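Colleague: Below are the C-alpha cells for one structure; questions will follow.
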C-alpha cells in the first residue's frame with residue numbers, strides 16, 4: 001500500500017488512479033463537511049465534485065509543507081462559498097430545518113445533536129473553525145490555513161464558539177434537570 | 001479531551017454521510033477528463049545573477065552623483081539689476097502740461113446746463129404764483 005506522499009507524487013505525474021486512491025479516504029468526510037456549508041445535498045455533492053476536480057487539476061501546485069487534507073478542505077471551502085452566493089441561495093434556506101441537508105443526515109433519535117445548535121448559534125466561519133477542530137481534529141495552524149485566516153483569529157473564534165456551545169449545553173442540562 | 005470536545009466529536013460521528021456509488025462514478029468520470037496543469041514557475045528573486053545587483057547598485061550611485069554635481073555646479077544666473085533708464089521707462093508717463101480745463105471741460109458744460117435748467121424752472125414757478 002502506497003503512502004500519501006507516494007500517491008501525491010503519482011497524482012502529480014498525472015495518475016487518476018493514484019489521485020482516486022488518495023482522496024478516497026477523505027471524500028466521505030469532505031462531503032459531510034460540505035453538507036454543513038451548502039443549502040442542499042445536491043449542492044454539497046456538486047461542491048465535492050468540483051473540489052476533487054480542482055484538486056486534481058492543480059495537484060502540481062500542492063505544497064507538501066501543508067497537510068494534504070488541509071489543502072483539500074481549503075479548496076472545498078472555496079467551492080462551497082461559490083455555491084452560496086446570494087443569487088443562488090436565499091438566506092432563510094439554511095435555517096429551514098426540513099431542507100437542511102445536515103438535518104437529513106441526522107437520525108431522529110439524534111435531534112439533540114450539538115452541531116444543529118452550532119449552525120444557529122455560530123456564523124459560517126466560526127462554525128467551520130469549530131468543525132475542523134472538533135470533527136476533523138485539525139490543529140489551529142491547519143485551520144487557519146484552510147480558512148485563510150490568522151492563527152490568532154482562529155484561536156479567538158474557537159474560544160468564542162466554545163463559549164457559545166458551552167452555554168447552550170449547560171442551558172440544556174439545566175432544563176433537563178429542572179424538568180426532571 | 002474535555003466534555004464539550006467529546007460531545008462535538010460524538011455528534012459529528014453521528015452524522016452519517018457516504019459518497020454514493022453514483023456520485024463516485026460521476027467524480028471518477030470527471031477526473032478522467034481532466035489532467036493536472038503545469039505548475040506556474042515564477043523566477044525567484046534570488047536566482048538573479050550577482051552582476052544584476054552590482055550593476056543596478058552602481059547605476060543608482062552614478063545617477064545620484066550626477067544629480068548632486070548638476071545641482072551644485074549649475075547655480076542659477078543672478079537676475080539683471082534694472083538700470084535707472086529701465087525704471088523710468090517702466091513708470092507710466094503723465095502729460096503734466098495738459099490744462100485743467102481740458103480735463104474738466106465736459107463736467108463744466110454739464111454743470112452750466114444744469115444751472116440754466118434750474119434758473120428756467122425757478123422763473124416759471126415765479127410766473128405761476130404771480131410774483
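Colleague: With r defined as the distance between the Cβ atoms of residue B:18 and residue A:6 and R0 fixed at 25 Å, what FRET efficiency is calculated, to the nearest 0.05? If you can, show how the numbers build up before the last one.
Modeller: Details: r = 26 Å, r/R0 = 1.04.
Efficiency, rounded to the nearest 0.05: 0.45.
Colleague: Then there's this: By how many nm would the segment from residue B:32 to residue B:115 lengthen if fully extended, with 0.36 nm per residue of separation less the alpha-carbon distance?
Modeller: Working: separation 83, 0.36 × 83 = 29.88 nm, distance 11.58 nm.
Extra length from residue B:32 to residue B:115 when fully extended: 18.3 nm.
Colleague: Run the simple label-point estimate for residue B:122 and residue B:25 please: 7 Å along Cα→C-beta, distance reported in nm.
Modeller: The two pseudo-label positions are separated by 12.9 nm.
Colleague: Please arrange A:1, B:51, A:103 by how many other C-beta atoms lie within 10 Å of their C-beta, fewest to most. Spell out each step's value before the answer.
Modeller: Numbers: A:1 5, B:51 8, A:103 19.
In increasing order of surrounding Cβ atoms, one gets A:1, B:51, A:103.
Colleague: Just tell me how shielded B:16-28 is by partners: mean number of partner chain Cβ atoms within 10 Å of each residue's Cβ, no decimals.
Modeller: Values: counts 6, 16, 5, 10, 2, 0, 1, 7, 3, 0, 4, 11, 4.
Shielding by partners across B:16-28 averages 5.
Colleague: Take each of the peptides B:53-64, A:39-50, A:12-23, average the number of other beta-carbon atoms within 10 Å over its residues, and list them starting from the highest. It would help to have the intermediate numbers written out before the result.
Modeller: On the way: B:53-64: 10.2, A:39-50: 20.5, A:12-23: 17.7.
Highest-to-lowest ranking by the protection proxy: A:39-50, A:12-23, B:53-64.
Colleague: Starting from the 7 Å offset along Cα-to-Cβ, what nm value, one decimal, do you get for the label separation of residue B:106 and residue A:66?
Modeller: About 9.0 nm, to one decimal.
Colleague: Starting from the Cα of residue B:129, step 7 Å along the direction of its Cβ; do the same at residue B:70; then give the gap between the two resulting points in nm.
Modeller: 9.1 nm
Colleague: What FRET efficiency comes out for residue B:57 versus residue A:152 if R0 is 22 angstrom and r is the Cβ-Cβ distance? Round to the nearest 0.05. All intermediate terms of the calculation are to be shown ahead of the outcome.
Modeller: Values: r = 39 Å, r/R0 = 1.77.
With a Förster radius of 22 Å, E is 0.05.
Colleague: At R0 = 30 Å, how high is the FRET efficiency between residue B:39 and residue A:25 if r is their beta carbon distance? Nearest 0.05 is fine.
Modeller: Approximately 0.75, to the nearest 0.05.
All of the numbers you see were taken from the coordinates with simple rules; none came from a lab. It should be emphasised that the depicted structure is a prediction, and the values quoted were computed from it without experimental measurement. No Cβ is skipped: glycine too gets one built from the backbone with ideal geometry, and neighbour counts run over all protein chains shown.
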